[in-house]
Each structure stands twice: as structure tokens, then as C-alpha cells.
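Single-structure report; data block below.
The values are calculated or read from the model by the stated rules, or taken from the named source; none is laboratory data. The model shown is predicted, which means the values in this text are computed figures rather than measured ones. Counting neighbours? That spans all protein chains shown, and the Cβs are built from the backbone with ideal geometry, glycine included. We work out accessible area using only protein heavy atoms, side chains counted, and drop any ligands, DNA or RNA first. Shrake-Rupley method; radii C 1.70, N 1.55, O 1.52, S 1.80 Å.
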Amino acid sequence: MINLDGKTAVIFGLANKRSIAWGIAQKLHEGGAKLAICYQNERMKSEAAGLIEALPGADGFQCDVSSDAEIATLFEQLKEKYGKLDVVVHAVAFAPPEDLHGDFLNTSREGFRIAHDVSVYSLIAVSRAAAPLMPEGGSVITLTYFGAEKVVPHYNVMGVAKASLEATVRYLANSLGPQKIRVNAISAGPIKTLAARGVGALGEMLKVHSDKSPLRRNVDQLEVGGAAAFLASDLSGAITGETIYVDCGYNIMGF
Ligand code: NAD
């Protein structure tokens, strides 16, 4: 098992027990990390809080990552409570539902802006806020999807946002590398979560992935959590700026 004793991690993106953030929280907790787990708003609180309670020592915080003020308040709270941070997990994305169906050509200006603000800019904002709390270095992890590099029907503007996210990972890795802060993305295969249900034809995506991937199945949240635990740990100390696939091998196939 990966040893995360003595590390403190802040995880963004817990909505419910299907969330990838929940799979990651369980694995980081299993490794011994102390966890600060964030949910988006009051509406998400009751379900998230029930899960957080099940992990002894973990605490819940509220933060809408599209608000600079909420990010600043959160990191003041984290500084007060933990003093330092070692790991940031960014498992957050959003695009207006109407932009995740139909023809990409009809992407709205506002849909494009929101998708990039919530799903990409937020990684820059939380990394900048976390860096001063990581004097000994750290690990920033975000979640991406294959639709960043190949056209996946219905993924639309989110594919463009994920391409931007993967480029952002590389630029942040270069900015933060001298401070010994590593930045990586996990490219997960499709999983039935709240966010994924917003993408048209999810059922078909799941079926195609499990039919075509070398392992002939879909990935689950805990397997993504396992990769996140590795990236959070010192075992991955020389890995930064990368996109690591946790997709049962789907991305290697040409046909
Ligand atoms: P999810 O719906 O469980 O999690 C998405 C989270 O983003 C939710 O907790 C939501 O509250 C949060 N969020 C949205 N807007 C926010 C805001 N303004 N401020 C704070 N939080 C906000 O779904 P998930 O599938 O676990 O998504 C987590 C990440 O994994 C996303 O980046 C998603 O794109 C990525 N991902 C998902 C899949 C998949 O198939 N489920 C595959 C690859 C990558």
C-alpha cells in the first residue's frame, strides 16, 4: 500500500458516492493522508458531509471554484487548520448541459466561457493559492478525459476545455517545478457520475469503451483513486506535467 502518512490533501469535487473525488478520497485516506474535502455549495453539503464523516480525521469545506473570494477564504481556513498542504486534487468540471448535446458548431459564447472558467481556470487559481502552503513541495492532480485529443461525439466544448486543461497542466508544471510542486492529470475512462450523466450518449460511451479497451471493461472510481494515491506519493517524485491514462488501455487502440 502507498504510504501517505504525514501528508495533508485538499480534494475538490465531492458531490456523492459516485464522484471520482470520493474514490480518490478513500484511497488517499487508506494511505494515511489527512483530508480536507470540498463540496461546491450548500445544496451539495448534506450528501457530501455524510460521506466525509465516514473517513475519520477528514473535514468538509465549501468552495465554489468559480469565485476568487471563496478560494481565498478556503485557503485561509486550510492554512489556519493544517499549516501546510502536500496534495491538491482538482476533480471539478462543468459545462452548461445544452452545450453537451447536439452539434459542436452551436457552442455558445457563454457555454464556452463557463466550461473553461470552471473546468480549467480553477486549476490555475487553486494551484496559485495552494503553492504558499507547500514550502517543501507537493503534488497537484487534476482529472481529464480522452475527448481532449480525439473527437468524442457529444463531449463537445468539454473536449476543448480538457485540451486546455492538459496544456495548463504542462504550463503549471513548469511554473511550479522550481518549488518542487508537481502537476499531473489523470485521464480516466468513462464512469457513470453526476457530471458524466450530463454528456449525451453516456451509455453508448461506456459500452464502446468496455468492448474495445484491451482489458474489455470500464474503470471504476477506486482505480482512479489508486493512480491519484501514486501521484500524491513520493513514489512519483520525478513525474510532472504528464497526462496518465487510467482507462483500461482504451486510448492505445486505433480501431
Ligand atoms: P461529479 O459530478 O461527481 O463531480 C464533479 C464535481 O465538480 C461535482 O462535485 C461538482 O459539484 C463540482 N463542481 C462543478 N462546478 C463547480 C464549481 N463552480 N465549484 C466547485 N465545484 C464544482 O463527476 P466526476 O465524473 O467525478 O467528475 C470529476 C472530474 O473527473 C471532472 O473533471 C470530470 O470531467 C473528470 N472526468 C470524469 C470522467 C467520467 O466519465 N466520470 C472521465 C474522465 C474525467
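Report, by chain and number, residues whose modeled amide H sits under 5 Å from the one on Ile181, excluding near sequence neighbours (fewer than 5 apart, same chain).
Amide H to amide H, under 5 Å and 5 or more residues apart or across chains, Ile181 pairs with Gly138.
Taking only protein heavy atoms into account and a 1.4 Å probe, give the accessible area per residue of the chain in Å².
Values: 11980 Å² over 255 residues.
It amounts to 47 Å² per residue over the chain.
With angles folded into 0 to 90 degrees, how steeply does helix 20-30 sit against the dominant principal axis of the chain? Use alpha carbons for both and round to 10.
In the chain, helix 20-30 runs at an angle near 40 degrees to the longest axis.
Subtract the Cα-Cα distance of Leu222 and His101 from 0.36 nm times their separation in residues, and report this length gain in nm to one decimal. List each step's numbers first, then the result.
On the way: separation 121, 0.36 × 121 = 43.56 nm, distance 2.84 nm.
Result for the pair: 40.7 nm of gain on full extension.
Give me, ordered by chain and number, the residues 5 or more places off Ile11 or on other chains with an amide H under 5 Å from its own placed amide H.
Residues meeting the amide H criterion: Ala36, Ile37, Cys38, Val89.
Rounded to a whole number of µm²/s, how large is the Stokes-Einstein D of region 98-185 at 25 °C and 0.890 mPa s, given Rh as the Kirkwood radius over C-alpha pairs?
On the way: Rh = 13.8 Å.
Taking Rh from Cα pairs, D becomes 178 µm²/s.
Report the calculated FRET efficiency for Asp5 and Ser175 (r = Cβ-Cβ distance, R0 = 25 Å), to the nearest 0.05. Working shown, then result.
Working: r = 29 Å, r/R0 = 1.14.
The computed FRET efficiency comes out at 0.30.
Using θ = phi - 60° and the Karplus form 6.51 cos²θ - 1.76 cosθ + 1.60, what ³J(HN,Hα) does each residue of region 109-122 get, whole Hz, x for Gly and Pro?
The phi angles translate into 4, 5, x, 5, 5, 5, 4, 6, 5, 6, 8, 10, 4, 4 Hz.
With θ set to phi - 60°, apply the Karplus curve 6.51 cos²θ - 1.76 cosθ + 1.60 along region 165-170 and write out the HN-Hα couplings as whole Hz, x wherever there is a Gly or Pro.
4, 5, 5, 4, 4, 5
Carbon and sulfur atoms: what percent of the 1.4 Å accessible area of the chain do they account for?
Details: 6500 of 11980 Å².
Using a 1.4 Å probe with all protein chains present, the chain comes out at 54 percent carbon and sulfur.
Cβ neighbours within 10 Å, averaged per peptide: list 177-187, 214-224 in order, most packed at the top. Don't skip to the end; give the middle numbers.
Working: 177-187: 20.3, 214-224: 17.2.
Descending packing order for the listed peptides: 177-187, 214-224.
Determine the gain in length on full extension of the stretch Lys207-Asp68; use 0.36 nm per residue of separation and subtract their C-alpha separation, reporting nm with one decimal.
On the way: separation 139, 0.36 × 139 = 50.04 nm, distance 3.91 nm.
Length gained between Lys207 and Asp68: 46.1 nm.
For the chain, with the dipole built from +1 on Lys and Arg beta-carbon atoms and -1 on Asp and Glu ones, taken about the Cα centre, which of Ile239, Val87, Asn184 lies farthest toward the positive end?
Highest projection toward the positive end goes to Ile239.
Taking every alpha carbon pair in the chain, what does the distance histogram look like in 5 angstrom bins from 0, in percent?
Histogram of Cα-Cα distances, whole percents per bin: 1, 7, 14, 19, 21, 18, 12, 6, 2, 0, 0.
Ordered by residue, what ³J(HN,Hα) values in Hz, to whole numbers, does region 88-97 give under the Karplus form 6.51 cos²θ - 1.76 cosθ + 1.60, where θ = phi - 60° and Gly and Pro are x?
With the stated coefficients, region 88-97 comes to 10, 10, 10, 10, 10, 7, 7, 9, x, x Hz.
Under a point-charge model restricted to the Cβ atoms of Lys and Arg (+1) and Asp and Glu (-1), what is the dipole moment magnitude of the chain relative to its Cα centre, in debye to the nearest 20?
Numbers: 24 positive and 27 negative charges, 74 e Å.
So the dipole magnitude of the chain works out to roughly 360 debye.
Most mobile of Thr142, Thr168, Thr73 per a Gaussian network model of the chain (Cα springs, under 10 Å)?
Thr73
Enumerate the amide H contacts of Thr144 below 5 Å, restricted to partners 5 or more residues apart or on another chain; note that Pro and chain-start residues carry no placed amide H.
So Thr144 has HN proximity to Ile186, Ser187, Ala188.
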